[in-house]
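Asks: Attaching a single structure in structure tokens format; questions to follow.
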Amino acid sequence: MADVDMSGKTVLITGGNSGIGRYTAIGLARMGAKVVFTSRNLRKGDVARAELREIVNKQQVDCMELNLSSFRSIEQFAKQFLAKYPRLDVLVLNAGSVLDTRRVTDEGFEMTFGVNHLGHFFLTQLLRAHLEAASARVVVVASDAHRGARSGLNFDDLMFERAYKGWAAYSASKLANILFANELGRRFEGVTANSLHPGVVRTGFARDGDVSNVFARAAISIARPFLIGPERGAQTSIYLASAPELEGKTGGYYDKCRPGKQIAAAQDDEAAKRLWEVSEALVEQGLAKRKPKS
């Protein structure tokens with residue numbers, strides 16, 4: 001992949017200031033791409049940008065603020081990005097969260113679903129014209145954790161209001177990632193979309209407050225010696241974003257830069273279509289909540 005030339009291409013990575021996203025940004029910038037990564041904390045993002053500019057060409061990396069749990073932030077980001085960058089060749093939906101305690105987004109959606117799926121769904125809609133104009137690639141960082149949602153998405157309780165279990169919500173959001181990628185490739189003209197499992201990666205995922213349960217933290221601590229580093233975890237994202245042999249290929253799920261195994265629920269085209277339509281309705285619902293009553 002090091003020989004791939006991405007000069008002249010613009011790449012957007014959500015959550016690129018640390019972990020897998022950081023190394024995805026470095027890898028693609030080294031190929032010559034202009035890389036824009038997002039951070040929900042602009043101070044941390046600015047620090048990461050300065051660090052990355054020391055590693056790669058200073059003009060190749062930029063950072064913008066984005067909070068995927070806020071539609072207002074997503075809209076503001078999209079407006080600024082579209083005004084600043086005339087094209088978008090690759091969109092890497094990398095940001096994610098896993099929570100033990102149920103929380104909600106600014107619009108009242110369950111946080112894990114809201115950040116991992118719905119926020120990315122809304123962002124992608126706002127960037128659609130740019131994506132289609134460039135016949136872009138969309139890379140969705142899912143996970144083999146989707147296997148925990150073997151029975152499929154529960155469309156009657158997507159927000160886990162009846163009974164909340166953090167890992168179940170996370171597994172469902174990762175299944176939603178795969179279904180979303182599959183359907184996006186069918187709906188966006190000329191755009192390809194593929195999802196991936198990055199591996200079980202050693203990052204700050206638990207330390208940064210995304211995992212609040214003491215038992216989850218203990219399990220991660222025990223497993224840490226066996227986890228791969230984020231640089232290795234980024235390789236499949238880089239591959240999907242850049243590999244010439246994937247030109248025109250869509251709807252795949254990849255692991256270690258080759259086709260991976262999915263559960264049957266991840267290949268359910270009707271569920272993918274339904275998730276898309278439900279997501280559209282939820283976005284409308286979230287936007288309507290902000291409008292003052294007449």
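Asks: Going by the structure shown, is Asp62 in contact with a Phe, Trp or Tyr (Cβ under 8 Å, 6 or more places away or on another chain) and either surrounded by fewer than 20 Cβ atoms within 10 Å (Cβ to Cβ) or farther than 22 Å from Asn177 by Cβ (or both)?
Replies: Yes.
Asks: Of all residues in the stretch 31-59, count the ones that are closer than 27 Å to Asn116 by Cα and assigned to a loop (DSSP other than H, G, I, E, B). Can you show your working first?
Replies: So the first thing to find is which residues in the stretch 31-59 are closer than 27 Å to Asn116 by Cα, and the list is 33-52.
Next cut, assigned to a loop (DSSP other than H, G, I, E, B) only: 33, 40-41.
Qualifying residue count for the region: 3.
Asks: Between a first residue in the stretch 249-274 that is of a type in the set (Phe, Trp, Tyr) and a second residue that is part of a helix (DSSP H, G or I), which pairs have beta carbons less than 7 Å apart while being 6 or more apart in sequence or on different chains?
Replies: The qualifying pairs are Tyr253/Ile178; Tyr253/Ala266; Tyr254/Thr236; Tyr254/Leu240.
Asks: Look through the stretch 256-265, keep the residues that are touching a strand residue (DSSP E or B) at 6+ places or on another chain (Cβ under 8 Å) and surrounded by fewer than 16 Cβ atoms within 10 Å (Cβ to Cβ), and return whichever of them is farthest from Val90 (Cα to Cα).
Replies: Only one residue fits best here, namely Lys261.
Asks: The conditions are (1) at pLDDT 95 or above; (2) in a helix (DSSP H, G or I); (3) touching a Lys or Arg at 6+ places or on another chain (Cβ under 7 Å), and Leu28 fails exactly one of them. Which is it?
Replies: Only one criterion in (1) at pLDDT 95 or above; (2) in a helix (DSSP H, G or I); (3) touching a Lys or Arg at 6+ places or on another chain (Cβ under 7 Å) is unmet by Leu28, namely (3).
Asks: On to the next question. Residues in the stretch 80-102 that are within 17 Å of the chain's Cα centre (by Cα), under 21 Å from Met6 (Cβ atoms) and either free of Cβ contacts under 8 Å to residues at least 60 places away in the same chain or part of a loop (DSSP other than H, G, I, E, B) (or both): how many?
Replies: 3
Asks: Still on this structure, I have one more. It is to be established whether one or more residues within the stretch 225-238 are of a type in the set (Asp, Glu), in contact with a helix residue (DSSP H, G or I) (Cβ under 6 Å, 6 or more places away or on another chain) and touching a residue at least 60 places away in the same chain (Cβ under 8 Å).
Replies: Yes: the stretch 225-238 contains one or more residues that are of a type in the set (Asp, Glu), in contact with a helix residue (DSSP H, G or I) (Cβ under 6 Å, 6 or more places away or on another chain) and touching a residue at least 60 places away in the same chain (Cβ under 8 Å).
Asks: Now a separate question. From the set of residues in the stretch 219-255 that are modelled with pLDDT under 95 and not hydrophobic (A, V, I, L, M, F, W, C), which is surrounded by the most Cβ atoms within 10 Å (Cβ to Cβ)?
Replies: Gly233
The values are calculated or read from the model by the stated rules, or taken from the named source; none is laboratory data. Since the model is a prediction, treat every value here as computed from it, not as a measurement. Counting neighbours? That spans all protein chains shown, and the Cβs are built from the backbone with ideal geometry, glycine included.
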